Amino acid sequence: MADLVIDYLHPGPFTTIDPGQFWLLQGMTDDPLAICAAAQALVVLPGEASALGVPGRRSEEQSIRPVRDLMAILAKRLPEPLHHPRSPAARVVGTSRHSATLACALLQSKGYAARARCGFSTRLGQGVLEDQWTTEFWSSGEQRWIRVNPGRPHHGRTAEVLSAQSFLTGGEVWQRFRSGHLDTPAFGADGDDFTRNSARIGASTVRDLAALCQLEMLPGDTWGRMAEARQGRMSVAYDNLIDVVAAVCARGEAADLARLFRAPDLAVPPHLIG
């Protein structure tokens, strides 16, 4: 990671599209919200796949990291440009992480700076937090990052611009958790399990750091101290390190992100990158 260069205008290791796949982008809109909606329409969630007639054996697709491999599946299932309507069987099976990384790749192909974020969404206004990935693109007109939800398919083809309260990154939730400003019922059945909640939020914070460094890891990927934290062995020093991660992610300065990401407890090991 010594030579890590963060550039959201260009793809990272997992959002690169092979030149031989550029034909899949033909006819794609230039509108960023419509691009995110197109990404939505490329993914069927694992919990919905069976009911929509997608064979169970395809659940392994949710473990695919590179966008190029997701696009290879999409091209095989329906050899038409990606903006064309697709039946569930012609989509790829995956979580909101797949939708977010596909949206990043499509946005970058149109010249937008884009990045994925890992965190939590509020479930149906109930105040319950669910693990979620989303996408941000840079608006040159507004001079800010606009957070869009490409992970939950909607009727029609409209992506949702997220409010400040409908999605929180791992670091944003961690800071609320550490300051005592997060109600335990926000975690539903796990609300009373302090160790489990702490480990869950800490892992999401580290995954968000990786995503900001253009490594959008799978929800099940574990590295550094994540496993120890789940077992209740998260030290005070590690808690303090996650405090730093949350603060650096909030600032979003590329040089600081890259520098922090070199820490042994935070860097993604090579075998998970491929």
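The values are calculated or read from the model by the stated rules, or taken from the named source; none is laboratory data. Because the structure is a prediction, the values reported are computed rather than measured. Don't worry about glycine lacking a Cβ; one is built from the backbone with ideal geometry, like all the others, and counts go over all protein chains shown. Please note that ligands, DNA and RNA were not included when accessible areas were found on the heavy atoms of the full protein model with its side chains. Shrake-Rupley method; radii C 1.70, N 1.55, O 1.52, S 1.80 Å.
Quick notes on this structure:
- With contacts taken as Cα pairs under 8 Å at a separation of at least 6 residues, region 51-120 carries a relative contact order of 33 percent.
- When only the Cβ of Lys, Arg, Asp and Glu is charged (+1, +1, -1, -1), the dipole of the chain relative to its Cα centre reaches about 400 debye.
- 10 Å Cβ shell holding at most 14 others, DSSP loop, GluC sites (Glu not before Pro): longest site-free stretch of the chain: 1-141
- Less than 5 angstrom separates the built amide H of Glu160 from those of Asn149, all sequence-distant by 5 or more or on a different chain.
- In the chain the longest region clear of trypsin sites (Lys or Arg not before Pro) that are loop-assigned by DSSP and have at most 16 other C-beta atoms within 10 Å covers 1-109.
- Classification of region 47-103 by its C-alpha gyration tensor yields an oblate form. The axis ratio a/c (a ≥ b ≥ c) is 1.5 or more, and b/c is at least a/b.
- Cα centre as origin, Lys/Arg/Asp/Glu Cβ charges: region 1-146 dipole, Debye: 320 debye
- Mean Cα-pair separation over length for the chain, i.e. relative contact order, pairs under 8 Å, 6 or more apart, %: 20 percent
- Each Lys or Arg adds one and each Asp or Glu takes one away; over the other residues whose Cβ falls under 15 Å from the Cβ of Ala90, this sums to +2.
- Summed residue charge, Cβ within 14 Å of Ile146's Cβ, Lys/Arg positive, Asp/Glu negative: 0
- Shape call, region 211-274: gyration tensor on alpha carbons, a/c limit 1.5: oblate
- Relative contact order [Cα under 8 Å, 6+ residues apart], region 203-274, whole percent: 47 percent
- With all protein chains in place and ligands, DNA and RNA left out, the 1.4 Å accessible area ranks Val206, Val236 as Val236, Val206, largest first.
- Residue order by solvent-accessible surface for Tyr238, Tyr8 is Tyr8, Tyr238, largest first, with ligands and nucleic acids left out and a 1.4 Å probe.
- Extent along the principal axes, Cα only, for region 1-100: 44, 32, 25 Å, with the longest axis given first.
- Most positive-pole-ward Cα, Leu272, Trp138, Leu260, against dipole of the chain from beta carbon charges: Leu272
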